[in-house]
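Trainee: Here you go, one structure.
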Amino acid sequence: MADFPIELEAALAGRLARALDVEAKIPRALETLGPVDGRDVYLVDGPAGGVRASQLEALGARVVAGGPIDTAKAAGIVDASMDVVVGCWTPFRGVIASEIAETGRILRPGGRLLALHDYGRDDVSRLHGERPEYTDWSRRDGPFLRGGFKIRVIHCFWTFESIEDGQGFLTEAFGDLGQALGAAMTRPRLSYNVAVYHRSFDGGAAPVA
């Protein structure tokens, strides 16, 4: 599910793929914060050939698409073999010591961890209710900033061909909540903010702030 912020059946996922971040702000931010061009990148929980893997490869990354970070060793990812670890939405939900330690194991000295999550304060967050992504995670005393990460907020959109197209998608994907949000649309897009929590490793699991 790391390609998208929500799990959808295939046809709806395809429609979201065409709507989410058509300005390509997310991949540009990953390049800025990595960088990923010319580097070995481990995409956590990311399908090979999926949207995120393809975006990283288009930026010049050598992508290894793997499962959860705690399966990297079993999958044959050796020590200090990666330059960047990228997780989108499903991995790194908070700062879990075992995940940070395994990330530090596979990264070369100076390697980067980039964890992409919803940030909220936008239209899309109205579909989900309260989530830690919208509150605790971005606070100074939250798990990421307290754990040595910095944060970059990216202001994106879900952009549709028309208001009617957006309303149809929202109703099909989210039922009554989506229908209500769609009814309030005045333009064919929804504001959507994401945060990239990022930090460097100097070797092992110790962070470089």
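Every number in this text was worked out from the coordinates using simple rules, so none of it is lab data. Computed from a predicted model, the values in this text were never measured in an experiment. We place every Cβ from the backbone using ideal geometry, glycine too, and count neighbours over all the protein chains shown.
Trainee: Mean projection of the alpha-carbon convex hull of segment 1-56 over all orientations, in nm²?
Mentor: With the hull built on Cα positions only, its mean projection is 4.0 nm².
Trainee: Helix-derived [θ] at 222 nm for the chain: sum -39500 (n - 2.57) over DSSP H runs of at least 4, divide by residue count, nearest 500?
Mentor: The helix contribution divided over the chain gives -9000 deg cm²/dmol.
Trainee: Rank by packing, highest mean first: peptides 141-150, 26-35, with packing defined as the count of other Cβ atoms within 10 Å averaged across residues.
Mentor: Descending mean neighbour count gives 26-35, 141-150.
Trainee: On to the next question. Work out how much length His128 to Lys25 would gain on full extension: take 0.36 nm times their residue separation and subtract the Cα-Cα distance, in nm to one decimal.
Mentor: Roughly 34.8 nm would be gained on extension.
Trainee: Continuing with the same structure: Under 5 Å between amide H atoms, partner at least 5 residues away or on a different chain: which partners does Val85 have, H built in plane at 1.01 Å?
Mentor: The list, which skips near neighbours in sequence, is Tyr42, Arg112, Leu113, Leu114.
Trainee: Taking neighbour Cβ counts within 10 Å as the exposure measure, how do Ser191, Ser81 sort from fewest upward?
Mentor: Lowest to highest Cβ neighbour count: Ser191, Ser81.
Trainee: Within a 10 angstrom radius of the beta carbon, how do Ile6, Ile69 rank from fewest other beta carbons to most?
Mentor: The most exposed by this proxy come first: Ile6, Ile69.
Trainee: What ranking do Thr71, Thr171, Thr103 get, fewest neighbouring Cβ atoms within 10 angstrom at the top?
Mentor: Thr71, Thr171, Thr103
Trainee: Sticking to Cα atoms, compute the Rg of segment 70-128 to one decimal and its Dmax as the biggest Cα-Cα distance, whole number, in Å.
Mentor: Rg, Dmax (Cα atoms, Å): 14.0, 42.
Trainee: Enumerate the whole-percent occupancy of each 5 Å bin, from 0 to the last occupied one, for all C-alpha pair distances of segment 1-148.
Mentor: In whole percents, the pair-distance histogram is 2, 9, 18, 22, 21, 16, 9, 3, 0.
Trainee: Report the convex hull volume per residue for segment 102-209, counting only C-alpha atoms, in Å³.
Mentor: 117
Trainee: Rounded to the nearest 0.05, what FRET efficiency do Leu12 and Asp79 have when you use their Cβ-Cβ distance and R0 = 35 Å?
Mentor: 0.30
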